[in-house]
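One structure is given below, encoded as structure tokens.
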2 protein chains.
Amino acid sequence: MRMTAAGSGTGRAAVIGCGVIGAGWAARFLLNGWDVSVFDPDPGAERKLRAVLENARLALPSLTDRMLPPEGHWEFSPCLEDAVAGAGWIQESAPERLDIKRALLGELGGRIRADAVIGSSTSGFRPSELAEACPAARQMMVCHPFNPVYLLPLVEVVAHPGTDPDLLQSACRTLTDLGMRPLVVRREIDAHIADRFLEAVWREALWLIQDDVATTAEIDDAIRLGFGLRWAQMGLFETFRIAGGDAGMDHFLAQFGPCLALPWTRLMDVPELTPGLRKAITQQVEKQSAGSSVIDLERLRDRNLVAILRALKAQDAAAGTILNAHDAFLGQLEASDADCDRPLLTVARRVPLDWTDYNGHMNEARYLQVLGDATDRFMEVIGCDAAYIAAGMSYFTAETHIRHLNELMAGQGIRVETTCLQGESRKMRLFHRMVRNDGVLVATGEHFLLHVDLSTRRTCPARPEVADRLRRIFDAHSELGWPEGAGRAIGQKQ
Amino acid sequence: MRMTAAGSGTGRAAVIGCGVIGAGWAARFLLNGWDVSVFDPDPGAERKLRAVLENARLALPSLTDRMLPPEGHWEFSPCLEDAVAGAGWIQESAPERLDIKRALLGELGGRIRADAVIGSSTSGFRPSELAEACPAARQMMVCHPFNPVYLLPLVEVVAHPGTDPDLLQSACRTLTDLGMRPLVVRREIDAHIADRFLEAVWREALWLIQDDVATTAEIDDAIRLGFGLRWAQMGLFETFRIAGGDAGMDHFLAQFGPCLALPWTRLMDVPELTPGLRKAITQQVEKQSAGSSVIDLERLRDRNLVAILRALKAQDAAAGTILNAHDAFLGQLEASDADCDRPLLTVARRVPLDWTDYNGHMNEARYLQVLGDATDRFMEVIGCDAAYIAAGMSYFTAETHIRHLNELMAGQGIRVETTCLQGESRKMRLFHRMVRNDGVLVATGEHFLLHVDLSTRRTCPARPEVADRLRRIFDAHSELGWPEGAGRAIGQKQ
């Protein structure tokens, strides 16, 4: 098992316009092993890119339980033509003004690759409006992401009638390989899908403030302590379907439908953003985030999103399914290495942001989580995999001994090397060495496992093919000598 | 440390109307130790209550790392007057029709307690509209919860001009003690705050389906894979403030404001819920949840919400702060018990829903998490608490030995009893016995810890008061004899 320097699907991307969204795209590409050339005439753009990259380097690797490919290289190009030359993906994230976007897309002519995807990050304009101005209209589509681009999986992909269908498909594959989820919007409309909802909520929120019904902090609480929690895991309709109970969605519509006629919302009007309203909002928001800088808030947001996404990942639900699919993709990049003349490499990963505790380092329970992952990987290698377990047998851990030898901080890379100390079908004893990327041994884990029948929950012999593979690895590892630290009890002299 | 049978603030609640919302209220009260009497003439109401309670018993205890008080008792009352007599809280959750709600509230007269809160679950009506009909209008306010009521913390509390301000405050205290977050809405408006947003999104969603822009599944993806994730942790305004970058909210308003004038949303009109539109929605939703019953979806939703809420709890952010505050409240219910003539009770809790793994039982890493919590509690007892750690010293685990003796399933209760095997200021050795509520020993954990200076990350002596307390407990525990299983190494003969 070895990481390849560049997996399939990586290459070079051009990022045009490097504000928060453009820099987020750059980070998503770079951390997935792509090289990125950036075009942005704003002298502050490089600072923005560095700031976003710093956040992304902490957060994005926290989503995977594999190793991402080595980070790509980035450079700023003083001219648009140089930036896009040779790029397999060109992403436009200029300010949300039709004239600016059309002018930039208008320059994407002869020197771009014929198989390059041209994506626009526009949240409002239709692809047709933009493609009219672009000589390479066939390659152009909307690819609208959500901030922070390096963490949120959703990308709305909208083609115009002239978009090459093969390029649309290839764009979706690339986005998937980047760990994102392309949602192909079938009909062009202003603001696609998600931003129509954001717009509706935004207008209503402005009215609530204008009418002094609620402050920004009260509105945020009304969102994040109630339906916001629901919407992180199911959307509007599945949630309402549940509310309909056994009688289903039609019952819900019959019950809730008439309320639509009640005069609740004031959405018919657009509130005017008067200086007074602007000032009220700005003051309320500043009070709400008292003492937190934007960088503090970004870090807080990223930690929360990592924690929520990892929670959903463990459930394999909602956005978590996309993370698990990305892990499977990253696993394919690892060359299989089943040589038995040395300990097996069973884990290669970074410490996620949400694994540290009040002492500032990785919590002790996470050591056992990583060691447990190493055991799971060893079980897979001997054939005790998901299918074997689904068929009714598994190994259960009966005893564990851990030496915590050094600290681990969030973001640090680790690998685990596993030696088999005992391999007798019913009984398996493993010794894991957890090594930090700087070569320091941070922990050892020794584990005694019993093979069990999952229906009786009692020990039983493993199937012959599993027992054989276990035996072969044990025999080979017996040649390696007894590892330092194995067989120890607490309180025993060194 | 001992659980009291009923903490402060528990008592008897009356639930009027026992659909999904009423049953959710009943579950929230019961699992927090209140007795509940229910009035609902629908013969199917008891079945609904039992189904919701079954879900709530799995999910709600998963949110706390303490023990909830013993569950209260419930009964159905055939008559409204009996149900409300003597209740400290009366919650009306009848169907969303003004005439029905007014008729029920109109019957709350002489026999209710003068200090009882009368809360209405209405999502749309103003408290004034309801209170007009209620003889006990002084006690009446809107308490609008969100489904599932037993998991989501938000309650919109809306008074009318005649509401007794003391009762409003007492209602907020009770809701807080139930683990909820009362959001006092300062001005009565139709649909309060949150449902104005839901209404806006709902209208826009109906248009998207009516115009065949998106299916229900596409809309749900557009929500839960993008802004839905953001809104579980920060609301609309704090999210937008971040988007404004260093320039702040005013900059964002200047940039984004003009887009409001663009003709994005179709919210000016209310789409008619024609039979055709209703059929399209119902069919799309059924396809989206293919093969999942409503019960499946409810369980999936609850597992996801538990996982998200626990993730935010670990970050002490957003809704997680409310869970931590509730744990602190539950901790006050536990009488302190620092007798040293027996092992210390250091953990009493249930196994949360999201702690099980592919083998169907509590994952091995969670054993160490519980054992680590027991160690943390022991540290608190000797004075190595949050303040001591903030001042720069702590204990780090150096070595761990776990025997996994029996399985644990989600929802099972466990407690940990801790013996001190060594207590010498710099060095601490603990032995934890993890016992299931049926008395079965499920694991033992032996832990060797070193006292460290957090600035140098090296060992140092503990402060005298901590060293003394540790020594006293060690001396007392030395009398208890060497626990079975301590000092073992893996592979050692019994």
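Please work out which residue is surrounded by the fewest Cβ atoms within 10 Å (Cβ to Cβ), limiting yourself to segment B:272-304 and to residues that are part of a loop (DSSP other than H, G, I, E, B) and at the interface with another protein chain (Cβ under 7 Å from one of its Cβ atoms). Steps first, answer last, please.
Within segment B:272-304, the subset part of a loop (DSSP other than H, G, I, E, B) is B:272-274, B:289-293.
Of the ones still in play, those that are also at the interface with another protein chain (Cβ under 7 Å from one of its Cβ atoms) are B:273, B:289.
Values: B:L273: 18, B:S289: 22.
Residue satisfying both the conditions and the ranking: B:L273.
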Any idea which residue in segment A:456-475 is farthest from the other protein chains (Cβ to nearest Cβ), counting only those that are free of Cβ contacts under 8 Å to residues at least 40 places away in the same chain and of a type in the set (K, R)? A:R458
Any idea how many residues of segment B:473-493 are assigned to a helix (DSSP H, G or I), surrounded by fewer than 15 Cβ atoms within 10 Å (Cβ to Cβ) and not small (G, A, S)? 1
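Right, A:A307: in a helix (DSSP H, G or I), under 19 Å from the mean Cα position of the chain (by Cα) and either facing chain B (nearest Cβ under 8 Å) or on the phi > 0 side of the Ramachandran plot (or both) or not?
On the way: in a helix (DSSP H, G or I): yes; under 19 Å from the mean Cα position of the chain (by Cα): yes; either facing chain B (nearest Cβ under 8 Å) or on the phi > 0 side of the Ramachandran plot (or both): yes.
In short, yes.
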Please state which of the following conditions B:V435 fails to meet, knowing it meets all the rest: (1) touching an Asp or Glu at 6+ places or on another chain (Cβ under 9 Å); (2) modelled with pLDDT of 95 or more; (3) of a type in the set (A, V, I, L, M); (4) over 26 Å from B:I490 (Cα atoms). (4)
Which one is nearest to A:R301 (Cα to Cα), of the residues in segment A:89-106 that are open to solvent by less than 50 Å² (accessible area, probe 1.4 Å) and small (G, A, S)? A:S93
I'm trying to understand the selection: among the residues of segment A:225-247, which are small (G, A, S), open to solvent by 10 Å² or more (accessible area, probe 1.4 Å) and facing another protein chain (nearest Cβ under 7 Å)? A:A243, A:G245
Across segment B:11-27, what is the total count of residues that are assigned to a helix (DSSP H, G or I) and either away from chain A (no Cβ under 14 Å) or hydroxyl-bearing (S, T, Y) (or both)? 3
Taking segment B:161-185 and keeping residues more than 21 Å from the chain's Cα centre (by Cα), open to solvent by less than 20 Å² (accessible area, probe 1.4 Å) and away from every other protein chain (no Cβ under 14 Å) leaves B:T163, B:L167
Any residue in segment A:426-449 that is hydrophobic (A, V, I, L, M, F, W, C), open to solvent by 10 Å² or more (accessible area, probe 1.4 Å), in contact (Cβ under 8 Å) with a residue 40 or more places away in the chain and more than 14 Å from every other protein chain (Cβ to nearest Cβ)? no
A:E188 - would you say it is in a loop (DSSP other than H, G, I, E, B) and either more than 7 Å from chain B (Cβ to nearest Cβ) or over 17 Å from B:A200 (Cα atoms) (or both)? yes
Residue ID - surrounded by the most Cβ atoms within 10 Å (Cβ to Cβ), chosen from residues in segment A:369-425 that are more than 13 Å from every other protein chain (Cβ to nearest Cβ) and of a type in the set (A, V, I, L, M): A:V416
Exactly one condition in (1) within 27 Å of the chain's Cα centre (by Cα); (2) away from every other protein chain (no Cβ under 14 Å); (3) not in a loop (DSSP other than H, G, I, E, B) is not met by B:L130; state its number. (1)
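Which is of a type in the set (G, A, S), open to solvent by 20 Å² or more (accessible area, probe 1.4 Å) and part of a loop (DSSP other than H, G, I, E, B), of A:G72, A:G86?
Working: A:G72 fails: open to solvent by 20 Å² or more (accessible area, probe 1.4 Å).
On inspection, the qualifying residue turns out to be A:G86.
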Quick one: count up the residues across segment B:31-63 that are open to solvent by less than 60 Å² (accessible area, probe 1.4 Å) and either more than 14 Å from chain A (Cβ to nearest Cβ) or in a strand (DSSP E or B) (or both). 14
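The values are calculated or read from the model by the stated rules, or taken from the named source; none is laboratory data. All values derive from a computational prediction rather than experimental measurement. Don't worry about glycine lacking a Cβ; one is built from the backbone with ideal geometry, like all the others, and counts go over all protein chains shown. To get the accessible areas, we keep the full protein, side chains included, count just its heavy atoms, and leave off ligands, DNA and RNA. Shrake-Rupley method; radii C 1.70, N 1.55, O 1.52, S 1.80 Å.
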